[in-house]
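Report on the structure given below.
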Amino acid sequence: MTLKNEKRNMIFAGLVIGVIASLLVLFGNPKNMGFCVACFLRDTAGALGLHSAEAVQYIRPEIIGLVFGSFFMALAKKEFSPRGGSAPVTRFVLGMFVMIGSLMFLGCPFRMILRLAGGDLNALLGLAGFACGILVGVFFLNKGYSLKRSYALTKAEGGVFPVLTLAVLALLLAAPAFIHFTEAGAGPGAMHAPILISLIAGLAVGALAQRARLCMVGGIRDLVLFKETKLILGFAAILVGALVCNLILSGTTGTSYFHLGFADQPVAHTDGLWNFLGMMLTGFACVLLGGCPLRQLILSGEGSSDSAVTIFGLLAGAAFCHNFGLASSAKGPTANGKAAVIIGLVAALVIAGVNTFKKENAK
Amino acid sequence: MTTVDARGYSCPEPVIMLRKAMMKKDAAYTVLVDNAASKENVTRYAEHEGYTVSAREANGEYTLTLKQ
């Protein structure tokens, strides 16, 4: 595929993904949250009882769809390739801190774009912090940062994560008593599109993101590292697709899907410093992981055990966020959350340093 | 001919490894990668640097030959 075609496909994928994300809000998802990999994993962790924040408990079918969209596309394109073994525990820890940073800001990088597309200017501070975090990560990449190589694994190992995802889908459909769902009106967890629509949306976005190699953190990273614009085109195209669709929906439905400003934004707070620092932690840790939370889901569908472990880290991070009172709310960040983000930034610096400036070059 | 073995590494590391190797300004390089995204990224970077790239695939591994 020529570069021109790759860029054209990336813009197409981004526009379609932006429109799908906007439409999911029309069908019932929380505003500016057609997709949010961090929020949706957090909701899923709550539904499974890993935390007990009653406002945010629901098995989000979009997550299941993303994994399977990627899985089926990878199988069809003969790109399903089980591999792993590249610093799994480090990836787990980084996944936890990506979640802590995201829930300080209230959104993963994907939702950050969707918040911008909904007119939420707080996301500009998030974007600035995200870019700074990526720049710090790029500094270490240029100095030789690496979590070392992965190795080929068996097809059986590669299939475990998709099977687990299928089991979670079964729990959603069967809804046994031990699965927790937010009661109607009790919080964002109760706001969701019908299961089938969410699932199809996830499948479509998962398949498109797999083909385009879409990654929110890769856009700014590759622009700085290699002056390569392909990935950032996807980032921009999602923004344009969602923004245009939000404006059209606002004009045709009588409900506002675009509200420009800082105050009174849906599922957001106005503390600029902590929006900045939360996304700085997320951007930095995502560069150290090699991709944003969306990309980790896509790679786990392609058979990456390292990415599957990262997803487990994100889930554990979400549980800690609500069990320890780290997650922000519309009222703002918490003292515990601020401490956790600082600890996360220090931990990410240590992980980056240890894996950059080491004497041995172990294979 | 310099060989860059980037098997097992995922983006952006194979491109960083190649970029480092290209400081020697050889006329030809062989790059080994084992996933399609890395193949695309290495190809794009090498073409941008003025090399022509030919790829050969066997058992999920790609051998990319870069020539100026």
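The values are calculated or read from the model by the stated rules, or taken from the named source; none is laboratory data. Keep in mind that this is a model prediction, so the values were computed, not measured. Cβ coordinates were reconstructed from backbone atoms using ideal geometry, including for glycine residues, and neighbour counts include every protein chain displayed. Heavy atoms of the whole protein, side chains included, go into the accessibility calculation; ligands, DNA and RNA do not. Shrake-Rupley method; radii C 1.70, N 1.55, O 1.52, S 1.80 Å.
For the protein assembly as shown, count all C-alpha to C-alpha pairs, find those more than 37 Å apart, and express that count as a whole percent of the total. The answer is 18 percent, as a whole percent.
Distance from the C-alpha centroid of segment A:293-326 to that of segment A:216-280: 22 Å, rounded to the whole angstrom.
Fully extending the segment from A:LEU273 to A:ALA128, taken as 0.36 nm per residue of separation minus the present Cα-Cα distance, adds 51.1 nm. Semi-axes of the equivalent ellipsoid for segment A:111-170, computed as √(5λ) from the eigenvalues of its C-alpha gyration tensor and ordered from largest down, come to 33, 25, 6 Å.
In this calculation the C-beta distance from A:VAL160 to A:ILE195 is compared with R0 = 25 Å, giving a FRET efficiency of 0.55. Shown for segment A:6-28: residues covered by the partner protein chains by 30 Å² or more of accessible area relative to the chain by itself (probe radius 1.4 Å), namely A:GLU6. With all protein chains kept in place, the per residue accessible area of chain A amounts to 38 square angstrom at a probe of 1.4 angstrom. With no solvent and one equal point scatterer per Cα, compute the Debye intensity ratio I(q)/I(0) for chain B at 0.11, 0.17, 0.23, 0.29 Å⁻¹ and report its log10, rounded to two decimals. Cα-only, vacuum Debye calculation for chain B: -0.19, -0.47, -0.90, -1.49.
With R₀ set to 51 Å, the beta-carbon distance separating B:GLU57 from A:ASN336 gives a calculated FRET efficiency near 0.50. Cα convex hull, segment A:37-149: 153 Å³ per residue, rounded to a whole number. Between A:SER52 and A:ALA263, the contour length at 0.36 nm per residue exceeds the alpha carbon distance by 73.1 nm.
Helix-only arithmetic for chain A: the sum of -39500 (n - 2.57) across DSSP H runs with n ≥ 4, divided by the residue total, places the mean residue ellipticity at 222 nm at -22000 deg cm²/dmol.
Calculated [222 nm] ellipticity per residue, helices only, for chain B: -10000 deg cm²/dmol; basis is -39500 (n - 2.57) per DSSP H run with n ≥ 4, divided by all residues, nearest 500. Report the B-A buried area as the accessible area lost on both sides summed, probe 1.4 Å, in Å² to the nearest 100. Separately minus together, B and A give about 1700 Å² buried.
Our compactness index for segment A:264-337, the C-alpha radius of gyration over the empirical 2.2 N^0.38 Å, is 1.24. By how many degrees, 0 to 90 and rounded to 10, does the Cα axis of helix B:36-48 deviate from the longest principal axis of chain B? The helix B:36-48 is inclined about 10 degrees to chain B. Across A:PHE235, A:PHE40, A:PHE262, mean-square fluctuation computed from a Gaussian network of chain A (C-alpha pairs under 10 Å connected) peaks at A:PHE262.
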